[in-house]
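Heads up: the structure comes next, in structure tokens.
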Amino acid sequence: MRNLKAEVVRNAAKLKGWDVILRDLCPEIDSRAFDKPGRHTKCPVHGVAGRGGDGFKFFRKDFQDSGGGMCNTCGTYPDGFSLLMWVKNYGFADAVADVGDFLGIRSTEDENQQEKVNRANEQALAARRKELEEREAASNLYHSKKLNELWKGSIPLTHADAEPARLYLASRKILCWDREGVERVVRFHPSLSSYNEDGEFEGDFPGIVAKVTKAGLPITLHRYFLTQKGLKAPVQSAKKMCMYPTDKLVTGGGIFVGAWDKEEIDVCEGLETAWAIETGTNFAVQVHSLVNATLLEGFEPGPRTKRVRIWIDKDRSGRGEEAGMNLKKRLWEKGIQAQILTPSLPLLEGEKSVDWNDVLVQLGCMGFPQMRRAA
């Protein structure tokens with residue numbers, strides 16, 4: 001096999017479109033991921049991602065030009081070559097050769113001819129990039145407007161009309177929803193529109209909205225869809241993150257109620273888990289929700305932080321433990337002390353996971369380690 005010039009093949013792939021190339025070369029990938037970049041489908045390598053649902057998606061911003069995607073469990077693959085290497089379990093040269101073969105680039109003569117084609121289409125590619133940038137700017141403006149409208153339509157959890165949220169939290173034995181500062185981060189919305197992964201309307205439901213921020217700046221909103229009686233709404237996914245502008249990065253963000261840049265902080269995945277830990281430790285600690293395992297794994301503490309306690313979920317897939325261990329290792333490498341706390345409940349046969357909220361519901365405060373209240 002002859003090694004092809006990667007840049008020649010890469011530019012040719014942009015002309016053809018990575019969506020066309022990968023659809024042909026990767027039958028392992030669910031076709032719905034191609035139909036709607038950004039849509040989550042099952043991982044082509046390991047299957048379904050566990051409690052969090054399907055974990056694979058292509059990047060919606062520039063998939064046609066880059067071919068990039070990610071799996072919540074396996075990681076991020078910024079371009080079509082790296083994604084092929086992951087799916088096919090082979091090296092870079094093999095990925096370039098496969099794409100080249102699909103595009104008819106197999107010899108030095110083919111490469112020379114393709115370089116001429118690439119140069120002849122530079123202006124067309126530049127025009128396409130400009131068009132994509134203009135569409136992206138309009139889309140970002142739209143998403144920013146929708147996020148602001150959603151937040152403006154919310155009310156504090158203490159409001160009389162927020163009863164569905166209080167009923168849900170009470171069913172999870174959570175008691176700290178009315179503490180100072182919550183209303184600036186977590187609120188109730190009387191009517192959230194839910195759509196499934198195929199874009200089909202599932203109905204309007206009351207729910208909880210939580211502001212996801214990074215270094216104090218808002219990024220997006222996380223929604224928890226409920227019924228009027230405080231149950232999880234009958235939708236495909238009762239927890240969904242809102243679409244947000246592509247010039248913002250959610251990695252490193254979280255739901256921070258209170259100061260996050262302190263000497264000692266506590267973090268976990270879900271909001272209910274964070275509040276369950278606060279309730280179960282008799283409010284000795286303040287816990288920040290990082291939303292999911294991927295964001296927990298990528299958490300970046302503030303410059304003042306010296307110690308981090310990581311309250312992990314115990315998943316059948318092992319993803320919660322893996323994310324916690326990766327974060328712990330990275331923090332220690334930065335000179336920050338890190339400790340992992342694992343739910344005291346066993347993971348029974350047939351269960352996908354247990355978290356600290358399950359501990360609170362089943363064992364109460366006795367299921368939690370004794371913590372000294374911060375001064």
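Read-outs: derived from the displayed coordinates by stated rules, not from any lab. These figures come from a predicted structure and were not determined experimentally. Please note: Cβ atoms are built from the backbone with ideal geometry, for glycine as well, and neighbour counts cover all protein chains shown.
Brief remarks follow.
- Links that overshoot a 27 Å alpha carbon limit, given the list K61/K334; K240/K306; K57/K145; K36/K329; K42/K88; K42/K152: K61/K334; K240/K306; K36/K329; K42/K152
- Protection proxy ranking, peptides 20-27, 300-307, 271-278, average beta carbon neighbours within 10 Å, highest first: 271-278, 20-27, 300-307
- Mean projected area of the convex hull spanned by the Cα atoms of the range 225-266, taken over all viewing directions: 5.3 nm².
- Cut-off 14 Å between beta-carbons: net charge of the residues surrounding G68, Lys and Arg +1, Asp and Glu -1: +1
- Spatially, the range 317-337 and the range 151-216 are offset by 30 Å when compared through their Cα centroids.
- Distance between the modelled labels on K262 and R106, one decimal in nanometres: 6.6 nm (7 Å Cα→Cβ projection).
- Around H159: net Lys/Arg minus Asp/Glu count, Cβ-Cβ under 15 Å: 0
- Averaging the sequence gap over all C-alpha pairs within less than 8 Å and six or more residues apart, then dividing by the number of residues, gives the chain a relative contact order of 11 percent.
- On the principal axes of its alpha-carbon atoms, the range 209-348 has extents of 46, 42, 30 Å, going from largest to smallest.
- Calculated over the chain: convex hull of Cα atoms, volume per residue (Å³): 151
- Looking at the chain, the DSSP beta bridges with both ends there are about 70 percent antiparallel.
- Each distinct pair of alpha carbons in the range 6-120 adds a 1/r term; the inverse of their mean, the Kirkwood radius, is 14.4 Å.
- Helical content of the chain, expressed as a calculated mean residue ellipticity at 222 nm, amounts to -11000 deg cm²/dmol (DSSP H runs of 4 or more residues, -39,500 (n - 2.57) each, divided by residue number, nearest 500).
- Peptide ranges 122-128, 28-34 listed from the most packed, as the mean C-beta count within 10 angstrom indicates: 28-34, 122-128
- Whole-Hz couplings from phi, Karplus 6.51/-1.76/1.60, listed for the range 310-317; x for Gly and Pro: 10, 8, 8, 8, 9, 9, 4, 6
- Normalised contact order of the range 67-209, rounded percent, pairs of Cα under 8 Å and 6 or more residues apart: 12
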